[in-house]
Amino acid sequence: MVADNQTFYEIMRAQGTSRRSFLKFCSLTAAALGLEPIYAMKIAQAMETKPRIPVLWMHGLECTCCSESFIRSGHPLAKDVILKMISLDYDDTLMAAAGEQAESILDEIPKKYKGQYILAVEGNPPLNEDGMYCIVGGKPFVDKLKAVAADAKAVIAWGACASWGCVQAARPNPTKATPIDKVITDKPIIKVPGCPPIAEVMTGVISYMVTFDRLPDLDNRGRPLMFYGQRIHDKCYRRPHFDAGEFVESWDDEGARNGYCLYKMGCRGPTTYNACSTIRWNGGVSFPIQAGHGCIGCSEENFWDNGPFYQRLSYVGTALGVEATADALGGTAAAVVGAGVAAHAAASVIKVVRKRKADQQTVESREVDEGDEE
């Protein structure tokens, strides 16, 4: 558990970290958060003066894919976040303690650090049968969730399970699996959706919160704008093909081999807000669309019921800045270009006609003047 009044910097120095390495860590953290270099010194100052924040990481109905993603973060490394930036006092997947010793932490930390700890939740509580579909430590998860959240400073909802309900809440949802914001209604909740979220997005959110001691700016769905402010489609390297009306029509056709847009194959990139096309996965190596598979929209609500995944959206509307379906998009683009050419030609003709009329008027005026002189 976290030691009283122990700062980030003190922990790092105790582990043998040099001042140079510490400043380098702060610079990399600023870069990972998309901040300007000047913020590196602000991060350093915060880490030198603020104590580490206790974090309780609880698991409900889920598959642990969020934890699997988190531990693979490269910028910053998950070990640096866990061992230097926060005090991960409870995580039944990663912690060494077990049984009663582990469960007692969920009572001790809220009492000792009332209003000062962060609750991170992976998975969701089932409400049917009084929560009996998910029992942790001999108690319904929903009851433990409410008890631990009561004195938390803020709550992080990891992944689609905690944020939206995910596959557990898919129709007909027999367990009545429920997003945590429907259960915890009196605390600020930061949703970090995805199935799972990108590793660097997870560590980035924690880094921001513990460094600046505040929540990141959120969109109207409760997601951090720094990572969920744009659609995958906006920065997708296949976007020019979408705009040109060039689409993959069937798997392994010529369009697929040429890297055309996967929209017609069911890609949800145009309607999905996430950082996959910019941060990417596996240390920035790739993301599903780059690997040839369309986005399934796993960071959006009800994505599991919005299938089939390989059936394209029939109409994308004005949200994309276009006025036609994918079938008509190429023709529309051509028509727009044609209309532009026609308009330019028409304007040129008008200019020529006007010039001729002006010239004719000048000639006629001169002839009149010459006749008056005679």
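Which one is farthest from residue 115 (Cα to Cα) among residues in the range 205-226 that are in contact with a strand residue (DSSP E or B) (Cβ under 8 Å, 6 or more places away or on another chain) and in a helix (DSSP H, G or I)?
Quick first cut of the range 205-226, residues in contact with a strand residue (DSSP E or B) (Cβ under 8 Å, 6 or more places away or on another chain) only: 205-206, 208-210, 215-219, 221-225.
Still in the running and in a helix (DSSP H, G or I): 205-206, 208-210, 225.
Values: 205: 19, 206: 17, 208: 18, 209: 14, 210: 14, 225: 25 Å.
Taking the candidates together, the pick is 225.
So that you can scan it fast, the table gives a plain yes or no per residue for (1) outside the structural domain of residue 198 (by TED's automatic domain parsing); (2) closer than 28 Å to residue 123 by Cβ; (3) touching an Asp or Glu at 6+ places or on another chain (Cβ under 7 Å):
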| position | (1), (2), (3) |
| --- | --- |
| 16 | no, no, no |
| 21 | no, no, no |
| 46 | no, no, no |
| 53 | no, yes, no |
| 57 | no, yes, yes |
| 78 | no, yes, no |
| 89 | no, yes, no |
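Would you confirm whether or not the range 25-44 contains a residue that is touching a strand residue (DSSP E or B) at 6+ places or on another chain (Cβ under 8 Å) and either among the basic types (Lys, Arg) or at pLDDT 80 or above (or both)? Spell out how you get there, then give the answer.
Step one: filter the range 25-44 for residues touching a strand residue (DSSP E or B) at 6+ places or on another chain (Cβ under 8 Å), giving none.
The answer is no; no qualifying residue exists.
Can you find even one residue in the range 275-290 that is surrounded by fewer than 22 Cβ atoms within 10 Å (Cβ to Cβ) and outside any loop (DSSP other than H, G, I, E, B)?
To start, the set of residues in the range 275-290 that are surrounded by fewer than 22 Cβ atoms within 10 Å (Cβ to Cβ) comprises 278-286, 288, 290.
Now restrict to residues that are outside any loop (DSSP other than H, G, I, E, B): 281, 286.
Yes: the range 275-290 contains one or more residues that are surrounded by fewer than 22 Cβ atoms within 10 Å (Cβ to Cβ) and outside any loop (DSSP other than H, G, I, E, B).
Yes or no: residue 147 buried (at least 20 other Cβ atoms within 10 Å of the Cβ) and of a type outside the set (Ser, Thr, Tyr)? Walk me through it before giving the result.
On the way: buried (at least 20 other Cβ atoms within 10 Å of the Cβ): no; of a type outside the set (Ser, Thr, Tyr): yes.
No; evaluated as a whole, the condition is false for this residue.
Condition check ((1) crowded, with 16+ Cβ neighbours inside 10 Å; (2) outside the structural domain of residue 155 (by TED's automatic domain parsing)) across all residues:
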| site | (1), (2) |
| --- | --- |
| 170 | no, no |
| 177 | yes, no |
| 190 | yes, no |
| 200 | yes, no |
| 207 | yes, no |
| 212 | yes, no |
| 241 | yes, yes |
| 247 | yes, yes |
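Can you tell me how many residues in the range 123-177 are within 25 Å of the chain's Cα centre (by Cα) and either closer than 15 Å to residue 300 by Cα or part of a helix (DSSP H, G or I) (or both)?
Going through the range 123-177 one residue at a time, the tally reaches 16.
Of the numbered conditions (1) under 16 Å from residue 141 (Cα atoms); (2) surrounded by fewer than 20 Cβ atoms within 10 Å (Cβ to Cβ), residue 94 fails exactly one; give the number of that condition.
(1) is the only condition that residue 94 fails.
Residue 182 is checked against (1) free of Cβ contacts under 8 Å to residues at least 24 places away in the same chain; (2) more than 24 Å from the chain's Cα centre (by Cα) and fails just one. What number does that condition carry?
Result: residue 182 fails condition (2) only.
Only one of these is surrounded by fewer than 22 Cβ atoms within 10 Å (Cβ to Cβ) and closer than 30 Å to residue 52 by Cβ: 182, 153. Name it. First the steps, then the outcome.
Values: 182 fails: closer than 30 Å to residue 52 by Cβ.
Criteria check complete, one pass: 153.
Can you find a residue in the range 4-14 that is in a helix (DSSP H, G or I) and of a type in the set (Ser, Thr, Tyr)? It would help to see each step written out before you state the result.
First pass over the range 4-14, keeping only residues in a helix (DSSP H, G or I): 8-14.
Pick out the ones that are also of a type in the set (Ser, Thr, Tyr) and you get 9.
Checking the range 4-14: at least one residue is in a helix (DSSP H, G or I) and of a type in the set (Ser, Thr, Tyr).
The values are calculated or read from the model by the stated rules, or taken from the named source; none is laboratory data. Treat the numbers as computed from the prediction; the structure is a model and nothing was measured. Quick reminder, even Gly has a Cβ in these numbers, built from the backbone with ideal geometry, and neighbours come from all protein chains shown.
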